[in-house]
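First up is the structure itself, then whatever we jot down about it.
The values are calculated or read from the model by the stated rules, or taken from the named source; none is laboratory data. Quick caveat, the model's predicted, so the values are computed rather than measured. Every residue, glycine as well, gets a Cβ built from its backbone with ideal geometry; the counts of neighbours run over all protein chains shown. Just the protein is used for accessible areas: all its heavy atoms, side chains included, with ligands, DNA and RNA removed. Shrake-Rupley method; radii C 1.70, N 1.55, O 1.52, S 1.80 Å.
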Amino acid sequence: LHHKDALYGSLRQAVHQIQDLAKQSNDFKLLASVYDLRKQEKDFMLRKDLKYVAKFESKISALSNQVEDKIKTNLNTYRSDFLRLVQAQEQIGFSQDQGLKGDLRKIRHQSDLILKEMSSEMDVIISKEIKSILTQSFILAAIIIFLVLLIAVLLSKNIISSINDFQAGLIDFFKYVNKETSQVSLLNQSSNDEMGAMAKVVNQNIE
């Protein structure tokens, strides 16, 4: 993650030691060769093209045959770390469609498709639930309205029946008072409403 960490740090340390040795010995030919290797290294890192790796291997192999063992050891370390870095970069992927980058991109696209499908399914489910709730609400409202109307009709019938009974009983009482009939019956006073209260008063007068 940093130029001093892991393979980056290791290969930089190895090549810097070669550069220092070349500078100390005034071996400018070696220094130029090392700079050429570093150019191939940087070109690969910038362009992610394996042709620079091939150039790097060719140049470092030729250079290894021309230097002493101490420098050769550092060159081998530099070569090994760089090739491992190339391998790791290849696993990651040189482009968005390769390696782990490609896998990650595919998974992301699959996740997006799944999310879209889930969103569509949720829209359908929510729409169905809303329709179901509206239907249930209409049915419940219709039942409530029907019950209210039924109760209103029953109450009105009961009230009308009580009024008619009271009216008939009162007319019979007046007929008796006017001696149009010789018999009179008590009114039904069993109800606990106003009709029942008036029927009690009339019954008291009948008695």
For this session: Report the accessible area of His16, computed with a 1.4 Å probe over the heavy atoms of all protein chains in place, in Å² rounded to the nearest 10.
Result: 70 Å²
Seminar exercise, completed: Expressed in square angstrom to the nearest 10, the accessible area of Glu41 with a 1.4 Å probe stands at 0 Å²
Exercise. Which value at 222 nm does the chain reach when only helices count, each DSSP H run of 4 or more adding -39,500 (n - 2.57), with the total divided by all residues and rounded to the nearest 500 deg cm²/dmol?
Worked result: -29500 deg cm²/dmol
Exercise. Dipole of the chain (Lys/Arg Cβ +1, Asp/Glu Cβ -1, origin at the Cα centre): which of Leu186, Ile206, Gln24 lies farthest to the positive side?
Worked result: Gln24
Exercise. When the Kirkwood radius is taken over all Cα pairs of the range 108-149, what Stokes-Einstein diffusion coefficient follows at 4 °C and 1.567 mPa s, in µm²/s?
Worked result: 103 µm²/s
Exercise. Between the range 1-64 and the range 140-207, how many Å separate their Cα centres?
Worked result: 116 Å
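With +1 on each Lys and Arg Cβ and -1 on each Asp and Glu Cβ, how big is the dipole of the range 1-57 about its Cα centre, in debye rounded to the nearest 20? Mind showing how you got there, number by number?
On the way: 11 positive and 8 negative charges, 35 e Å.
Value, rounded to 20: 160 debye.
To the nearest µm²/s, what D does Stokes-Einstein give for the range 82-207 at 25 °C and 0.890 mPa s, using the Kirkwood radius over alpha carbon pairs as Rh? Show your work: numbers first, answer last.
On the way: Rh = 22.9 Å.
In µm²/s, the coefficient rounds to 107.
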Seminar exercise, completed: Taking protein heavy atoms only, a 1.4 Å probe, and rounding to whole percent, the accessible area of the range 154-207 owed to carbon and sulfur comes out at 52 percent
Problem set entry | Summed residue charge, Cβ within 14 Å of Ile159's Cβ, Lys/Arg positive, Asp/Glu negative | -2
Exercise. Val86: accessible area at probe 1.4 Å, nearest 10 Å²?
Worked result: 10 Å²
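Send over a whole-number figure in Å² for the accessible area per residue of the range 64-207, probe 1.4 Å. Display every interim value, and only then the final one.
Working: 11300 Å² over 144 residues.
Spelled out: the 1.4 Å probe surface of the range 64-207, per residue, equals 78 Å².
With all protein chains present and a 1.4 Å probe, how do Leu11, Leu115 order by accessible area, largest first?
On the way: Leu11 0, Leu115 105 Å².
Correct descending sequence by accessible area is Leu115, Leu11.
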For this session: Could you pull out every one of the aspartates and glutamates with an alpha carbon less than 20 Å from that of Lys106, ignoring same-chain neighbours closer than 8 positions?
Result: Glu90, Asp97, Glu117
